[in-house]
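The values are calculated or read from the model by the stated rules, or taken from the named source; none is laboratory data. Here the structure is a predicted model, which means the values were calculated and not measured. Note that each Cβ is placed from the backbone with ideal geometry, even for glycine, and that neighbours are counted across all protein chains shown. SASA here: full protein model, heavy atoms, side chains in, ligands and nucleic acids out. Shrake-Rupley method; radii C 1.70, N 1.55, O 1.52, S 1.80 Å.
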Amino acid sequence: MTENNPFNIDNLQLLQFAKHKSVVASEIYIPQDKIFKKIFFIKKGILRSYYVTESGEEKTIFFRWEGQMAAIPECVFDDQPTRQTWQALEDCELLEIDFDAVEKMSENNFPLVKTRMGFAQKMLLESLKRIESFVLDKPEERYQKLIAQKPEIIQRVADKHIASFIGVTPVSLSRIRKRLASKKNNGIILC
């Protein structure tokens, strides 16, 4: 399933800068503390982005899958190293586009400027929605939203990563699933 992206990977101007990249399952794609000035499109597979706490615990903040594009804002917009680590959860096939090349090409190309701005807006809105979800939603609601967006994720991603993403322990995730299954069996319609 291809998502609606303002940064259309079919754009021939962008494809001339795209390079294919394969990342095997469990491999670190982007390590923490790297300045990664690329936009990447996921043709196949799932990536996860996480932070490592001072105690060494991994906190999953994003999943990205087929048909999605992503970039690391602090790297592409501010030339700062990322605090995130990006890891392949499955074998991944990616297209990478050098952000500086897009910037240069955008100088006299209004449609590409508009596309680039749309992509930046999309990244900002996704980040705001993620923050908003942690402020306003219960973990069960975050889980339901994830499943509504990508139903097969529960077969493709380890429970510990899903639990971390919604802000609970794997034991709490199990309880959430039991509650939802009970509601479903009792005829309560879930979102």
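What to note about this one:
- Count of region 134-161 residues which are part of a helix (DSSP H, G or I), at pLDDT 95 or above and over 18 Å from GLU66 (Cβ atoms): 11
- Close pairs from region 164-183: first of a type outside the set (Asp, Glu), partner open to solvent by 50 Å² or more (accessible area, probe 1.4 Å), Cβ under 7 Å, at least 6 apart: SER164/GLU58; SER164/LYS59; GLY167/PHE134; PRO170/ASP159; PRO170/LYS160; LEU173/ASP159; LEU180/LEU190; LYS183/LEU190
- Residue match in region 162-180 (condition: among the β-branched types (Val, Ile, Thr) and part of a strand (DSSP E or B)): no
- All conditions in (1) open to solvent by 70 Å² or more (accessible area, probe 1.4 Å); (2) over 25 Å from GLU57 (Cβ atoms); (3) touching a Lys or Arg at 6+ places or on another chain (Cβ under 8 Å) hold for PHE134, with the sole exception of (2).
- Meets criteria (open to solvent by 90 Å² or more (accessible area, probe 1.4 Å) and in contact with a helix residue (DSSP H, G or I) (Cβ under 6 Å, 6 or more places away or on another chain)) for LYS184: no
- Verdict on GLY118 being part of a loop (DSSP other than H, G, I, E, B) and among the small types (Gly, Ala, Ser): no
- Some residue of region 15-34 being in a loop (DSSP other than H, G, I, E, B), within 28 Å of PHE110 (Cβ to Cβ) and open to solvent by less than 20 Å² (accessible area, probe 1.4 Å): no
- Selection within region 66-83 - of a type outside the set (Lys, Arg), over 12 Å from the mean Cα position of the chain (by Cα) and part of a loop (DSSP other than H, G, I, E, B): PHE77, ASP78, ASP79, GLN80, PRO81, THR82
- Residues satisfying the stated conditions in region 57-116, i.e. basic (Lys, Arg) and modelled with pLDDT of 90 or more: LYS59, ARG64, ARG83
- Any chance ALA148 is open to solvent by 40 Å² or more (accessible area, probe 1.4 Å) and small (Gly, Ala, Ser): yes
- Within region 84-109, being farther than 10 Å from SER49 by Cβ, in contact (Cβ under 8 Å) with a residue 12 or more places away in the chain and outside any helix (DSSP H, G or I) holds for ALA88, LEU89, GLU90, ASP91, CYS92, GLU93, LEU94, LEU95, GLU96, ILE97, ASP98, ASN109.
- Check on ILE39, at pLDDT below 95, closer than 19 Å to MET105 by Cα, part of a loop (DSSP other than H, G, I, E, B) and not polar (S, T, N, Q): no
- For region 49-63, the set of residues classified as over 17 Å from ILE131 (Cα atoms) and open to solvent by less than 60 Å² (accessible area, probe 1.4 Å) consists of THR53, GLY56, listed by residue number.
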